[in-house]
Amino acid sequence: MMLTLPTFGQGNDSLQTDTMKLHQINEVTVTSRRAGTRKIAGAVNGILIHREELFKAACCNLGESFITNPSVDVNYSDAATGAKQIKLLGLSGTYVQMLTENLPNFRGAAAPYSLDYVPGPWMNSIQVSKGASSVRNGYESITGQIDIEYLKPDNDEGATVNLYGNSMSRVEANADGNIHLDDKLSTEVLLHYQNDYGHHDANDDGFLDQPNVRQYNLQNRWKWKGNHYMFHGGISIVKEKREGGQTHHTVPNTHHLYQIGIETNRYEGYMKHAFILDPEHGTNIAVMTNLSMHQLDANYGNKHYDVNQKNAYAQLLFETNITNQHSLSAGLSLNHDYLSEELRVKNEEYATAVETVLGAYAQYTYNLNDKVAAMAGLRADHSSRYGTFVTPRFHLKLTPNEIISLRLSVGKGYRTVWALAENNYLLTSGRQLVIDDLKQEQAWNSGLSSSFYIPLFGKTFKLNVEYYHTHFNEQAVIDYDSNPTEIRITNLDGKSYSNTFQIDASYPVVKGLELTAAWRWNDVKSTYGGKLMEKPLTSRYKGLVTASYKTPLGLWQFDATLQLNGRGRMPTPVNGLWDSCFHAYEQVSAQITRWFRHFSVYIGGENLTGFRQKQTIINAADPWSRTFDPTMVWGPVQGAMFYAGIRVNSGRL
């Protein structure tokens, strides 16, 4: 049965038991280790990251969930605010469509710090889809989609507490609990508290290595499940305060310190209604809505920035399996954004932007005995700002036998640019931020991938090879190179593209021990000031090796990851203040977990090589000058970090 309310990662593993022996014993305990990641079935190339994989590292939030993943990178956007961004297929996270349980989320003003808004212990799974994804969720996916599945209200009743602390003076407390009010209705509460209270300045540049962050995060979720109707809804509140900047004066006779203060209030509510018309053919009608308000009040030195973004999203969709081979999905969507901004530097500047987009889509899927799977989708949208545009996408999967599968994808994506809201961390720079009248971004993405499942010494050797090309017709380019006193966000005038090649393999060497190795090469270029150049602050390649071992009884687990991050180009140097390129560096992380009946304890460390970018802030000695810049970050801003934590699982509430 096909449902419009997906529950990725909740399927039970298939276990076989010798029933002939059951009458001889009173109780049987079967232990099975599910793979932490697996390929997503269907035509779209993607992976599903289970909680088993997330538990291999501290995984305090979404931004720290990809340490063991070879496809997704997470980097600091600057060394002063703690803003982070995902990179997929060599491009920044604005080209990745973020979803929470199939609803578009964390857009515009929420983007710079959104990776900290999803606590790791709340996540049930993460689905990462590469390239042009389904048109069902909109037109904004250019390099892929990341869909987060939270813990469900109708999971087994109980409560979990997770306590965490690290050597960088960070403490966290997480709790979740759910109650089944009857056989159809259940509710769940998720709680999160974070406090970074240290004042670390390891490189002695007079600035905090990371901001002090205090965050309160709350969700209440409800689910009602009947034979022909399902309801899923909830509300969430995030309150966060970030404080960073100078710890002491670095220039004599300076009257005040360079300080950073960011206060965020985010409110969100969603509802999903699914009407199951014909369970045998998976015929469903669903209505999904999401409302959010994101308020940010920020000070960057002598610059003050306020933004208030309100978003309303609604989708009506219909899905059915016409036959075992043919299925159809169609729907309507409405997205409304209201953005109010205020920027005070020398003079007050106000801006208000409104966009309403009404869209319709249809998507057809053909499946021939799992040997051939094809998915073709087309959607048309009308924007109050950009008029009407069409988004075509196509995916094909061929599985001639059990050893090999091939995937092909091609599609177009569009994106509305909220330039200042999405990049407000650039205000930390002493350069003048100049934003041109920007066009809607447009890009084509095409990809080819193959997966091999090769029997080897009684086990399966998994090998994946993939290549993706992204070509921009229109793009908002962040230009550091053309003018040494400016950072300009301007329209593309020339070529811009990304080529990404990746190969990865995994093999269970012995029982309980699995090794994974990956290599990725990036060729990302854009036109800056009339010159086609490599995109700055982007590594040309990445290598990854992970090892995970769990003892036969499942009491101990050992995980380690080695990353090799390649060299790349720096923005054009000014007066020799920085080098023209950065060099390759290695990072090692490791964790040991001890599992007990109702709890587990874990200790570990990140960046155990201790590598740290020496100059994370350009001209930190004079933060009021035009050459001051904390946004040129390409590597770790902190050295080695150690942590410990405990997870406690209780029974019914």
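Observations
- Applying 1/(1 + (r/R0)^6) with r as the Cβ-Cβ distance of Asn265 and Glu348 and R0 = 22 angstrom yields a FRET efficiency of 0.50.
- A straight chain from Leu463 to Asp370 at 0.36 nm per residue would run longer than the Cα-Cα distance by 31.5 nm.
- Using C-alpha pairs under 8 Å with a sequence gap of at least 6, the mean separation divided by the residue count of region 126-263 gives a relative contact order of 15 percent.
- Across region 267-281, the residues whose backbone nitrogen lies under 19 Å from the label position 7 Å along the beta-carbon direction of Asp306 are 267.
- Candidates Thr391, Gly430, Tyr364 compared by Cα position along the dipole of the chain: farthest toward the positive end lies Tyr364, with charges placed on Cβ.
- Computed over region 365-465: relative contact order in percent, which uses C-alpha pairs under 8 Å that are six or more apart: 22 percent
- Reported to the nearest whole Å, the Cα centre-to-centre distance from region 584-653 to region 312-340 is 39.
- At q = 0.24, 0.26, 0.27 Å⁻¹ the log10 of I(q)/I(0) for region 590-649 amounts to -0.92, -0.98, -1.01, computed by Debye summation with a single uniform scatterer per C-alpha, solvent ignored.
- Three-way shape call for region 182-289 based on the alpha-carbon gyration tensor, with the a/c threshold at 1.5: prolate
- When +1 charges are put on Lys and Arg Cβ atoms and -1 charges on Asp and Glu Cβ atoms, the dipole computed for region 477-609 relative to its Cα centre reaches about 360 debye.
- The charge dipole of the chain, taken about the Cα centre with unit charges on the Cβ atoms of Lys, Arg (+1) and Asp, Glu (-1), comes to about 1300 debye, rounded to the nearest 20.
- Computed over the Cα atoms of region 356-433, the ratio of the radius of gyration to the Kirkwood radius (Rg/Rh) comes to 1.23.
- Global geometry of region 101-180, whether rounded, prolate or oblate, following the gyration tensor of its Cα atoms and the 1.5 cut on a/c: oblate
- Approximate spin-label separation Leu515-Ile40, in nm, with each point projected 7 Å along Cα-to-Cβ: 3.0 nm
- Taking 0.36 nm per residue of separation and subtracting the Cα-Cα distance, full extension of the segment from Phe394 to Asp204 would add 63.1 nm.
- Value of D in µm² per second that Stokes-Einstein yields for the chain, Kirkwood Rh from Cα pairs, at 10 °C (1.306 mPa s): 61 µm²/s
- Region 68-117: C-alpha gyration tensor shape, a/c 1.5 cut-off, then a/b vs b/c: oblate
- Only Cα pairs under 8 Å and 6+ residues apart enter the sum, and on that basis the relative contact order of the chain stands at 12 percent.
- One decimal place: the segment Tyr216-Phe642 gains 151.0 nm when fully extended, by the rule 0.36 nm per residue minus the C-alpha distance.
- Each of Gln475, Thr323, Thr500 was placed along the dipole of the chain (beta-carbon charges, centred on the mean Cα), and the one lying farthest toward the positive end is Thr323.
- Positive-pole candidate from Val96, Tyr117, Ala159, dipole of region 72-159, charges at beta carbon: Val96
- With at most 10 neighbouring Cβ atoms within 10 Å, loop GluC sites (Glu not before Pro) (DSSP) excluded, longest segment of the chain: 28-401
- The packing ranking, built from the mean of other Cβ atoms within 10 Å per residue, places the peptides 69-81, 427-439 in the order 69-81, 427-439, highest first.
- Here r is the Cβ-Cβ distance between Glu402 and Leu332 and R0 is 56 Å; the resulting FRET efficiency, rounded to 0.05, is 0.90.
- Note on Thr551 and Tyr197: their simple-model spin labels are 3.5 nm apart, each label 7 Å out from Cα toward Cβ.
- Here region 382-422 is treated with +1 on each Lys and Arg Cβ and -1 on each Asp and Glu Cβ, and its dipole about the Cα centre works out to around 120 debye.
- At an R0 of 30 angstrom, the distance between the Cβ atoms of Ala584 and Ser167 translates into a FRET efficiency of 0.70.
- Mean ellipticity per residue at 222 nm, deg cm²/dmol - from DSSP H runs of n ≥ 4 across the chain, formula -39500 (n - 2.57): 0 deg cm²/dmol
- Put a dot 7 Å past the Cα of Lys184, heading toward its Cβ, do the same for Phe599, and the two dots end up 3.9 nm apart.
Every number in this text was worked out from the coordinates using simple rules, so none of it is lab data. Everything numeric in this text was worked out from a predicted model, so none of it was measured. No Cβ is skipped: glycine too gets one built from the backbone with ideal geometry, and neighbour counts run over all protein chains shown.
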